[in-house]
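Notes for the one structure printed next.
The values are calculated or read from the model by the stated rules, or taken from the named source; none is laboratory data. Quantities reported herein were computed from a predicted structural model and do not represent experimental measurements. Neighbour counts are summed over all protein chains in view; Cβ atoms, including those assigned to glycine, are modelled from backbone coordinates with ideal geometry. Heads up: the accessible areas ignore ligands, DNA and RNA and are worked out on the full protein's heavy atoms, side chains in. Shrake-Rupley method; radii C 1.70, N 1.55, O 1.52, S 1.80 Å.
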Amino acid sequence: MQRLTVAGRLLITALILAAIFFGFRYFGGNDALRKLAPKQESESATMPRADEESTASTDESVASDNGSGSSSSSTETTASNSTRQPFTFTPPAPQNGKLKGVVELGASGFNSFIVRIDDQKNWKLEKAEFGNSLVMENMATYVDVRGGLKSYIGKMLDFGVGGRDIQFVVSSGAVKAEGTQKIIRALKSLNYVVNTVSPEQEGSLALRAVLPADFYDNAFVVDIGSGNTKLSWKEGGQTKAIETYGSKYFQNGTSDDAVYNEVKAKAKQIPADHRKTCFIIGGVPFELAKEVRNGKERYTVLNAPSAYKVENAKSKAGVNIYRAIADATGAEQFVFDWDANFTIGYLLTLK
């Protein structure tokens with residue numbers, strides 16, 4: 001190297017540097033530099049770019065709107081709770097009314113009601129008693145029926161109802177039962193008269209007791225009984241009423257689908273402008289209302305049919321009927337009246 005000139009040395013050095021440079025590019029280049037760089041620099045390279053942050057944020061928002069994640073659960077809960085708004089109507093109270101009593105002889109039991117009624121037909125329930133019988137199944141004996149009726153009569157007399165102000169009404173569902181004649185014979189032996197009603201009359205009487213005058217133009221009434229269901233409404237100043245299956249239809253081997261389809265078809269006969277609110281009474285609605293009643297409120301708004309998980313056959317059948325009516329009418333509220341009964345409507349027809 002000492003014999004080389006300065007120019008020669010520079011040339012050799014340039015060749016060595018060139019060889020190192022091309023060798024470096026061949027065996028790693030920029031990747032090698034990244035590996036040799038500090039860790040902090042490496043981590044910063046993994047952060048999303050500005051456009052990636054925007055995309056991620058948008059995707060997260062869409063996921064929330066589509067109902068995934070915890071935020072959607074909160075939204076669904078709020079929506080579920082908001083569907084059952086309270087019903088705050090207060091009916092007019094009777095002024096200086098008179099006590100009257102009625103015993104309903106239904107397909108599933110004897111129920112008694114004591115009400116105070118004034119001259120304007122305003123009324124207030126003073127006492128109610130619900131019992132069970134086996135009349136529909138034709139398993140109640142004459143002694144059972146007579147003893148049960150005497151018990152109801154005695155309690156009404158003790159409460160202050162006059163003997164002549166006690167009425168007996170056989171529901172249209174119970175009229176079809178073979179055991180109904182036992183009731184009639186028992187009442188005749190006690191010198192009482194039995195009043196029988198057709199399904200249409202029963203629906204009309206239910207409407208008279210349940211439907212407030214303020215709702216004549218936009219509401220209808222449903223009475224789900226064991227033997228039949230009655231739907232009624234006001235139309236052109238007249239009361240319209242139709243009959244369909246009751247909540248014991250399963251005893252006759254009728255399928256849920258057949259009942260659903262018929263009830264839905266019947267409910268569609270209710271005029272569209274009368275479907276906003278449904279006032280509902282009956283045995284199964286009573287059970288459904290118990291689950292959501294607030295204190296001692298007179299009116300309880302039921303949950304949607306799909307919200308109820310019932311076990312016994314009668315309740316399942318009743319919910320099937322309720323579902324068919326809800327699907328057919330799209331009513332905003334189904335309002336259960338804790339005090340009303342079609343037999344009270346019968347009392348309101350008397351002078």
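Kindly provide the set of residues from the stretch 305-314 that are in contact with a helix residue (DSSP H, G or I) (Cβ under 7 Å, 6 or more places away or on another chain) and either surrounded by fewer than 18 Cβ atoms within 10 Å (Cβ to Cβ) or under 21 Å from PRO212 (Cβ atoms) (or both), ordered by number.
VAL310, ALA313
Could you check GLY237 against (1) open to solvent by less than 20 Å² (accessible area, probe 1.4 Å); (2) modelled with pLDDT under 95 and say which number it fails?
(1)
Going residue by residue through the stretch 249-269, is there one that turns out to be open to solvent by 10 Å² or more (accessible area, probe 1.4 Å) and either at positive phi or in a strand (DSSP E or B) (or both)?
Yes, the stretch 249-269 has at least one match.
For the stretch 289-299, indicate whether the set of residues that are touching an Asp or Glu at 6+ places or on another chain (Cβ under 9 Å), outside any strand (DSSP E or B) and either loosely packed, with under 14 Cβ neighbours inside 10 Å or basic (Lys, Arg) (or both) is non-empty.
Yes, the stretch 289-299 has at least one match.
Taking GLU126 as meeting all but one of (1) surrounded by fewer than 21 Cβ atoms within 10 Å (Cβ to Cβ); (2) at pLDDT below 95; (3) not aliphatic (A, V, I, L, M), write down the number of the exception.
Checking GLU126 against (1) surrounded by fewer than 21 Cβ atoms within 10 Å (Cβ to Cβ); (2) at pLDDT below 95; (3) not aliphatic (A, V, I, L, M), the one that fails is (2).
Inspect the stretch 328-337 for any residue being in a strand (DSSP E or B), open to solvent by less than 60 Å² (accessible area, probe 1.4 Å) and farther than 27 Å from GLY131 by Cβ and give the result as yes or no.
Scanning the stretch 328-337, I find at least one residue that is in a strand (DSSP E or B), open to solvent by less than 60 Å² (accessible area, probe 1.4 Å) and farther than 27 Å from GLY131 by Cβ, so the answer is yes.
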